[in-house]
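> I'd like to ask some things about the structure below.
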Amino acid sequence: MLKLHDTLTREKRDFVPKDPRRVTMYVCGPTVYTYAHIGNARPVVAFDVLFRLLRHLYGEDAVVYAANVTDVDDKINAKAAAEGVAIDVITDRYLDAYNADMSTLGALRPTFQPRATRTMDTIIDLIGRLVHRNAAYAAEGHVLFNTQAYSDYGKLSGRSLDDMIAGARVDVAPYKQHPADFVLWKPSKPGEPVWESPWGPGRPGWHIECSAMIEEQLGLPIDIHGGGNDLIFPHHENEMAQGLCGGHGEDGYANYWLHNGFLNMGAEKMSKSLGNVALVHELIGQWPGEALRWALLSGHYRQPLEWTDDLVRQAKTSLDRLYGGLQRAAGVAPSTDAPSAEFLDALCDDLNTPRAFAEFFRLASVLETGEAGAQAEAKGQLLAAGALAGFLQADPDHWFQGGADEAFKARVEGLIAERAEARVAKDWPRADRIRDELAALDVEVMDGAAGARWKLKR
RNA sequence: GGCCUGGUGGCGGAGUGGUGACGCAGCGGACUGCAAAUCCGCGUACCCGAGUUCGAUUCUCGGCCAGGCCUCCA
């Protein structure tokens with residue numbers, strides 16, 4: 001039984017989908033104005049594991065996963081203006097880069113990737129319904145959500161309206177009826193992209209696109225809504241309020257709210273505004289994407305995780321160990337294609353990936369030392385567990401030699417053949433000389449009963 | 001100020017009212033022409049104080065420390 005921690009009820013609960021034939025999940029996606037950093041990738045990878053797990057439990061075609069793309073925003077506008085191009089040029093460029101980067105991290109593409117600019121009709125329709133139902137009002141070219149219309153406002157983030165007023169750090173716009181009211185539609189500034197609406201030309205506020213997309217792509221209520229824990233307030237609080245008041249939310253908005261913890265650089269949250277970021281785009285030039293994925297999942301998704309070079313190095317070493325086991329067991333035929341029960345249990349325990357990783361190592365150990373039957377089972381379980389979580393699907397030789405082209409491989413094989421001759425002749429000085437030569441090429445040779453294997457050191 | 005997380009061994013990181021996480025690093029041994037890998041074994045931990053309890057790292061309260069959010073910023 002899958003259990004998930006729900007932010008709204010603040011407890012870990014059995015997961016029961018509204019319809020097991022159509023399990024719905026929505027995760028807040030990127031604003032595409034620059035490259036994603038590794039902190040941005042944490043929810044993508046964590047919820048990718050959940051997506052894969054749900055597909056495993058309910059069937060591949062039974063899970064519908066939508067992740068939005070915010071492609072209209074001040075920063076996008078600024079970048080487009082700076083380059084003198086239309087915003088689509090910017091957003092297309094960085095969306096493509098984003099998808100390529102996330103794919104390198106082993107994340108499956110969501111079923112839908114709706115874009116704000118292509119959801120405009122639904123956004124305007126939803127705002128219209130909110131106005132009609134007195135859950136929103138127009139004022140000075142803006143449309144604002146009326147927080148007084150929703151009695152549970154603050155429930156998700158655990159805040160009361162009174163607290164918010166008391167703690168308000170920002171001047172309240174004069175056109176707001178209540179300080180907590182938030183913008184659904186606002187006028188564009190000169191030169192910015194603009195859409196026509198019943199309330200005048202302008203563009204959507206921050207939160208409304210997600211509610212519109214969820215209505216359009218998934219239908220209320222959805223089973224799972226995910227995102228970073230900085231989105232709980234105000235974004236998800238507002239999203240839920242407007243979504244429920246729009247007329248289709250009588251059965252709730254999202255049945256399970258999941259929020260991931262942050263990646264820290266040193267003691268601080270990694271964030272673009274602090275400038276302490278490591279871009280995925282750059283990291284994938286330094287490490288295998290699979291090692292980055294492992295590093296991201298080496299801590300539980302709700303806990304903070306400190307991002308360091310050493311974390312990735314350890315992740316790489318862990319995968320070397322597992323791939324090494326698979327490489328040595330190349331001759332073992334898997335006797336199952338199902339992950340072990342413990343592996344599945346670990347993931348079903350609110351995505352306990354560290355516990356699942358421990359099971360990877362246990363299986364690898366059985367593969368190394370077990371009887372033939374146990375090995376065959378362990379290999380099958382290991383590969384199946386890997387497939388479920390997005391690991392270990394590469395050819396082990398390719399994992400260790402991945403950076404080498406054919407010419408390089410031929411050269412290495414030649415040297416290894418020469419060295420084999422020397423070893424047969426017990427010409428140790430010559431054998432060691434060739435080992436040194438290979439080491440200079442960054443190649444490590446491992447002698448074994450069945451001949452020598454090699455890997456790139458990197 | 002309000003709300004919310006978290007503080008576990010050299011490092012990363014699970015978990016539990018009373019025995020084992022797991023991985024990395026380290027140490028000893030086996031194997032090995034050398035090396036690597038692998039195998040066997042070893043070590044060190046639960047922020048502080050009080051309480052509940054036969055017993056607390058685990059529950060409660062208080063404190064200290066760190067981090068996050070507190071509206072047009074994703």
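The values are calculated or read from the model by the stated rules, or taken from the named source; none is laboratory data. Every value quoted in this text rests on a predicted model; they were computed, and no experiment measured them. Backbone-built Cβ (ideal geometry, glycine too); neighbour counts: all protein chains shown.
> Looking at the structure I just gave you, is A:T34 surrounded by 14 or more Cβ atoms within 10 Å (Cβ to Cβ) and within 12 Å of RNA strand B (Cβ to nearest atom)?
yes
> Filter segment A:74-106 for residues that are touching a residue at least 60 places away in the same chain (Cβ under 8 Å) and more than 22 Å from the chain's Cα centre (by Cα); which is farthest from A:V45 (Cα to Cα)?
Only one residue fits best here, namely A:A81.
> Given the options A:G252, A:G246, name the one that is on the phi > 0 side of the Ramachandran plot and either of a type in the set (V, I, T) or more than 10 Å from RNA strand B (Cβ to nearest atom) (or both).
Only one candidate qualifies: A:G252.
Residues checked against (1) at pLDDT below 90; (2) more than 13 Å from RNA strand B (Cβ to nearest atom); (3) among the aromatic types (F, W, Y); (4) outside any helix (DSSP H, G or I):
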position: A:L363; (1), (2), (3), (4): no, no, no, no
position: A:E377; (1), (2), (3), (4): no, yes, no, no
position: A:A394; (1), (2), (3), (4): no, yes, no, yes
position: A:I416; (1), (2), (3), (4): no, no, no, no
position: A:R419; (1), (2), (3), (4): no, no, no, no
position: A:A439; (1), (2), (3), (4): yes, no, no, no
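> Under 26 Å from the mean Cα position of the chain (by Cα) and either outside any helix (DSSP H, G or I) or surrounded by 13 or more Cβ atoms within 10 Å (Cβ to Cβ) (or both), is that true of A:G386? Working first, answer last.
On the way: under 26 Å from the mean Cα position of the chain (by Cα): yes; either outside any helix (DSSP H, G or I) or surrounded by 13 or more Cβ atoms within 10 Å (Cβ to Cβ) (or both): yes.
Against the criterion (under 26 Å from the mean Cα position of the chain (by Cα) and either outside any helix (DSSP H, G or I) or surrounded by 13 or more Cβ atoms within 10 Å (Cβ to Cβ) (or both)), A:G386 qualifies.
> Can A:R109 be described as of a type outside the set (V, I, T), away from RNA strand B (no atom under 16 Å from the Cβ), without any contact (Cβ under 8 Å) to a residue 24 or more places away in the chain and buried (at least 16 other Cβ atoms within 10 Å of the Cβ)?
no
> Still on this structure, I have one more. Check whether at least one residue in segment A:70-78 is assigned by TED's automatic domain parsing to the domain that holds A:N238 and away from RNA strand B (no atom under 11 Å from the Cβ), and report yes or no.
Of all residues in segment A:70-78, those assigned by TED's automatic domain parsing to the domain that holds A:N238 come to A:70-78.
Then drop every residue that is not away from RNA strand B (no atom under 11 Å from the Cβ), which leaves none.
No: segment A:70-78 contains no residue that is assigned by TED's automatic domain parsing to the domain that holds A:N238 and away from RNA strand B (no atom under 11 Å from the Cβ).
> Out of all the residues in segment A:219-230, which are crowded, with 22+ Cβ neighbours inside 10 Å and either within 21 Å of A:G154 (Cβ to Cβ) or among the aliphatic types (A, V, I, L, M) (or both)?
A:I222, A:I224, A:H225, A:G226, A:G227
> While we're here: With the condition kept exactly as written, say whether any residue in segment A:53-74 is part of a helix (DSSP H, G or I) and among the polar types (S, T, N, Q). If you could, list the steps in order and put the result at the bottom.
Going residue by residue through segment A:53-74, those that are part of a helix (DSSP H, G or I) are A:53-58, A:60-62, A:74.
With among the polar types (S, T, N, Q) added as a condition, the list becomes none.
So far as segment A:53-74 goes, no, none of its residues is part of a helix (DSSP H, G or I) and among the polar types (S, T, N, Q).
> Residues in segment A:219-240 that are of a type in the set (A, V, I, L, M, F, W, C), in contact with a Ser or Thr (Cβ under 7 Å, 6 or more places away or on another chain) and either in a helix (DSSP H, G or I) or within 16 Å of RNA strand B (Cβ to nearest atom) (or both): how many?
Number satisfying all stated conditions: 2.
> Filter segment A:303-314 for residues that are under 17 Å from the mean Cα position of the chain (by Cα) and more than 7 Å from RNA strand B (Cβ to nearest atom) and give the result.
Across segment A:303-314, the qualifying residues are A:W307, A:V312.
> Considering segment A:204-218 alone, what residues qualify as being surrounded by fewer than 22 Cβ atoms within 10 Å (Cβ to Cβ) and either within 14 Å of RNA strand B (Cβ to nearest atom) or assigned to a strand (DSSP E or B) (or both)?
A:G205, A:W206
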